[in-house]
1. Give me the number: length gained by fully extending Asp207 to Ser27, i.e. 0.36 nm times residue separation minus the C-alpha to C-alpha distance, one decimal in nm.
2. State, to one decimal in nm, how far the label point of Ser335 lies from the label point of His377, with both points 7 Å from Cα in the Cβ direction.
3. At a Cα cut-off below 13 Å, give the aspartates and glutamates reachable from Lys4, other chains included and same-chain residues fewer than 8 away excluded.
4. Given a 1.4 Å probe and heavy atoms of the protein chains only, how would you sort Lys161, Lys386, Lys270, Lys255, largest accessible area at the top?
5. Just to confirm, what accessible area per residue do you get for the chain at 1.4 Å probe, in whole Å²?
6. Can you give the accessible area of Ser215 in Å² (nearest 10), computed on protein heavy atoms with a 1.4 Å probe?
7. Taking the full set of protein chains and a 1.4 angstrom probe, give the accessible area of Glu433 in square angstrom, rounded to the nearest 10.
8. Taking a point 7 angstrom from the Cα of Glu274 along the C-beta vector, which residues in the stretch 25-61 have backbone N less than 20 Å away?
Amino acid sequence: MSTKRLVILGGGGFRVPLVYGALLSPSSPIGSVVLHDVDPGRLAAIARVLHAQALSFPGAPSIETTTDLTEALTGADFVFSAIRVHGLEGRVIDERVALGEGMLGQETVGAGGISYGLRTVPVADAIARRIRLVAPDAWVINFTNPAGLVTEAMAAHLGDKVIGICDSPSALGRRVVRALGLPEARVTYAGLNHLGWLTGVEHDGHDVLPRLLASPSSLESFEEGRLFGAARIRELGAIPNEYLHYYYDHAALVKAELAAPETRGEYLLKQQRECYAMLTSLPSPLDAWNAARRQRDATYMAMEGLGERDDAEGGGYEDVALALMLAIANDAPTSLILNVRNQGTLPLLDDDAVVEVPCAVDGSGARPVPGASIPAHGVELVKRLKATERAVLSAASSGSRSVAVRAMASHPLIDSVPVARRLISGYQANFPELAYLR
C-alpha cells in the first residue's frame, strides 16, 4: 500500500499534473499529495485537473491544498520544490530587460538566469530552513530553476537530503541510445545544470559513441544533432546538452529574439492565462490542460531553430522524479543523472559544488558515480559558470548590490561591468523582490 506523503511547493504550477500522472503508476510509493502555492486561484485550478486525473484510478493518491507552508510540510516524506518567484510575468521581464541591452534573457542562461537566481535564492533558502525545522527527515527534490544554483543554496541547510533534477540529460541519453539502435546502454555525462556534455555510451564493455560520431545521418536523426549539426559535434567529440546552444550561438539567437514578435516567456504567459481561465470554468479541465500541454511541448525551442518538435517526450522530469522516489522509498538501487554535491567527482570543482552527473541511488540517497569528466573544451566554461553561481549565492546572502553586479559581469555571455550595472538596475526597477540588494 502506498503510504508516503508528497508535498509539492509551487503546487499551482502548470506542469504539476505531469507529476501527479506519474504517481498514478501502480509502483508509486505516494499515498497522499499536498499542493502548496501562494496563489490560491492557480492552486484551485490545478487541483481541479488532478481530481479529474484521479477519477479513473480508484487507488489514486489523495489530494490536499493549502497556502500555509508549515501546514503543507508537516509529515512530509518527500518535498518537491517547483516554485517560480514572480511567476511567468517575471520571466518576461527577465527576457525583455536583457534584450534591451542586446543580451540573452533565457530563464536559466545569462542575464535572465542570474536575475531569476537573485530573486529565487532567498526564497529557496527560507524554504530549506523551514523544511529543516518542520520535516527534517524529508527528501527534497528540487525542480526550481536555475536548478543547480537553487539546489546548492538549499544544500547549505539540508546537505545531501536535497537532490536537483532535470529531464534534459536523461532525454539526451535516451535519444543517443535510440540513434545507435540499442535497446539500452549506460551513458557518461557531466557538467552543471543546463551546461553539460554526453561523452560516452558504454555497451557490452565498449564505448560506442565514436560509432555515432562517425555517422552524420545518425547524428542528425535526433534533436541535439540537428540543433548543433553533425560537423560541430564531431569536432567537439561529445554531444552537448541542448542549452549549450545559447553559448555556442549566442549572437544569432539574440538577433532572432530581437526580430521575433514575442519572447518565449510572452508566449507562455499568454497561453497560461487563457488555460487557467478555462481550467477554472470548463467542466472538463483535464482536456483543456492536455491541449495546452501538447502545444507547449510542440513549440519547445521552436525559436531556437528546431521548429515544432517531432519527438516531444512530454515533461520527462516527472519520470526522473518518480524513479528517484522509488529508489529511495524502496531502497531499490538505480542510476540517474542528478544534481548533487560534487564530493570529488569533478576535480576542477570543490566538494560542495553542485554538479550534474550520473548517480547511484538507493535508500540512503544519491551519490555521484566516479569517473565523470568534463571535455577539455568545456573546462573553463564550467569553472566560470560555477564562479558566477557562487557570486549569486554570495549576493543573496550578503544583500550586496556590488556582488550582484560582479555576478552579472562574470557571466561569459555578458563580460562587461557597465552592462552588468545597467542590467541590475533594470531588474531592480521591475522586481520588488530585489530591493534587498543595496
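1. Working: separation 180, 0.36 × 180 = 64.80 nm, distance 3.29 nm.
Difference between extended and current length: 61.5 nm.
2. So the label points at Ser335 and His377 sit 2.6 nm apart.
3. Asp77, Asp137
4. So, going from the largest accessible area down, we get Lys255, Lys270, Lys161, Lys386.
5. Working: 16990 Å² over 438 residues.
Accessible area per residue, the chain: 39 Å².
6. 30
7. Accessible surface of Glu433 is approximately 60 Å².
8. Output list for this probe position: 42, 45-46, 49.
The values are calculated or read from the model by the stated rules, or taken from the named source; none is laboratory data. Everything numeric here is computed off the predicted structure, so don't read it as measured data. Positions of Cβ are generated from backbone atoms using ideal geometry, with glycine treated the same way; all protein chains shown enter the neighbour counts. Ligands, DNA and RNA are excluded from the accessible area calculation, which covers all protein heavy atoms including side chains. Shrake-Rupley method; radii C 1.70, N 1.55, O 1.52, S 1.80 Å.
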